[in-house]
Amino acid sequence: GDSVTQKQGQVTLSEDDFLFINCTYSTTTYPTLLWYVQYLGQGPQLLLKVTTANNKGISRGFEATYDKGTTSFHLQKASVQESDSAVYFCALVASSGSWQLIFGSGTQLTVMP
Amino acid sequence: NSKVIQTPRYLVKGQGQKAKMRCIPEKGHPVVFWYQQNKNNEFKFLINFQNQEVLQQIDMTEKRFSAECPSNSPCSLEIQSSEAGDSALYLCASTLGDRNAEQFFGPGTRLTVL
């Protein structure tokens with residue numbers, strides 16, 4: 001079945017540091033991969049979507065790419081700010097059923113001023 | 001920014017009580033999903049609808065939850081008899097329905113079962 005693995009549970013950076021979060025996935029079809037950000041007390045907000053048609057996405061200074069060979073996709077940002085502190089989730093659209101999302105376990109990003 | 005509306009934001013119930021939450025999807029989005037996010041940030045898909053019809057639901061939802069998406073009214077998810085393990089953030093998401101279409105989430109309803 002489909003699965004997503006997100007191993008980095010917590011990341012602590014200083015402002016202007018480089019951010020890199022990685023996920024690996026397993027699916028039986030062409031993947032649709034997403035990154036969501038969830039701020040405290042809010043629902044997840046879509047950050048980026050990557051498919052086989054566009055294996056890279058860029059939004060709000062964040063960049064997402066995927067590697068079919070290693071079945072991994074990652075999120076990066078060149079220079080994080082304190083306001084980027086949140087939980088970041090990778091997600092995969094399920095290959096069977098009715099397109100529900102399968103989420104990774106989340107990465108809590110804390111950016112120190 | 002998402003325009004999915006969820007009410008109430010917070011819900012406190014005793015064990016055995018009914019717990020009902022509502023969702024208004026983004027305008028023009030025919031597909032609605034409900035997810036449960038627990039305190040460990042684990043997401044569980046519960047049920048989804050296309051217009052008024054159930055597309056898929058998990059066994060737990062079929063047995064213990066009541067859900068609907070009537071036309072011209074908010075979608076709703078109701079736990080028939082709340083249990084302590086139901087304490088979680090319940091998230092509603094809507095989408096255009098294509099497999100590659102983005103799902104946009106509401107702020108969630110935080111349910112606490114005492």
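For every residue, the table says whether it meets (1) within 14 Å of the chain's Cα centre (by Cα); (2) polar (S, T, N, Q).
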{"position": "A:2", "(1), (2)": "no, no"}
{"position": "A:7", "(1), (2)": "yes, no"}
{"position": "A:27", "(1), (2)": "no, yes"}
{"position": "A:42", "(1), (2)": "no, yes"}
{"position": "A:47", "(1), (2)": "yes, no"}
{"position": "A:51", "(1), (2)": "yes, yes"}
{"position": "A:62", "(1), (2)": "yes, no"}
{"position": "A:84", "(1), (2)": "yes, no"}
{"position": "A:87", "(1), (2)": "yes, no"}
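Tally up the residues in the range B:1-30 that are within 12 Å of another protein chain (Cβ to nearest Cβ), surrounded by 17 or more Cβ atoms within 10 Å (Cβ to Cβ) and modelled with pLDDT of 95 or more, please.
Number of matching residues: 3.
So which residues in the range A:1-34 are aromatic (Phe, Trp, Tyr), at pLDDT 95 or above and part of a loop (DSSP other than H, G, I, E, B), if there are any at all?
A:18
Tell me, which strands (runs of 3 or more DSSP E) wholly within the range B:1-71 include 1 or more residues that are within 12 Å of the chain's Cα centre (by Cα) and farther than 19 Å from residue B:82 by Cα?
B:5-7, B:19-24, B:31-37, B:43-50
Could you list all residues from the range B:72-89 that are part of a strand (DSSP E or B) and more than 10 Å from every other protein chain (Cβ to nearest Cβ)?
Within the range B:72-89, B:75, B:76, B:77, B:78, B:79, B:88 meet the criteria.
As an exercise: evaluate residue A:111 against (1) modelled with pLDDT of 95 or more; (2) of a type in the set (Val, Ile, Thr); (3) under 13 Å from the mean Cα position of the chain (by Cα) and give the number of the one condition it does not meet.
(3)
Does any residue of the range B:53-75 turn out to be touching a residue at least 24 places away in the same chain (Cβ under 8 Å) and acidic (Asp, Glu)?
No, the range B:53-75 contains no residue that is touching a residue at least 24 places away in the same chain (Cβ under 8 Å) and acidic (Asp, Glu).
Residue B:80 versus (1) open to solvent by 60 Å² or more (accessible area, probe 1.4 Å); (2) closer than 15 Å to residue B:6 by Cα; (3) in contact with a helix residue (DSSP H, G or I) (Cβ under 7 Å, 6 or more places away or on another chain): which is the lone unmet condition?
(2)
Against the definition (surrounded by 13 or more Cβ atoms within 10 Å (Cβ to Cβ) and under 13 Å from residue A:34 (Cβ atoms)), how does residue A:51 come out, yes or no?
Spelling it out, residue A:51 is indeed surrounded by 13 or more Cβ atoms within 10 Å (Cβ to Cβ) and under 13 Å from residue A:34 (Cβ atoms).
Please identify the pairs in which a residue from the range B:93-108 that is more than 7 Å from chain A (Cβ to nearest Cβ) and in a loop (DSSP other than H, G, I, E, B) has its Cβ atom under 8 Å from the Cβ atom of a residue that is surrounded by fewer than 21 Cβ atoms within 10 Å (Cβ to Cβ) and at pLDDT below 85, counting only partners at least 6 apart or on another chain.
So the pair list comes out empty.
The values are calculated or read from the model by the stated rules, or taken from the named source; none is laboratory data. Source: prediction; values computed, not measured. Neighbour counts run over all protein chains shown; Cβ positions are idealised from the backbone, glycine included. Ligands, DNA and RNA are stripped out before the accessible areas are found, and what is left, the full protein with its side chains, is counted by its heavy atoms. Shrake-Rupley method; radii C 1.70, N 1.55, O 1.52, S 1.80 Å.
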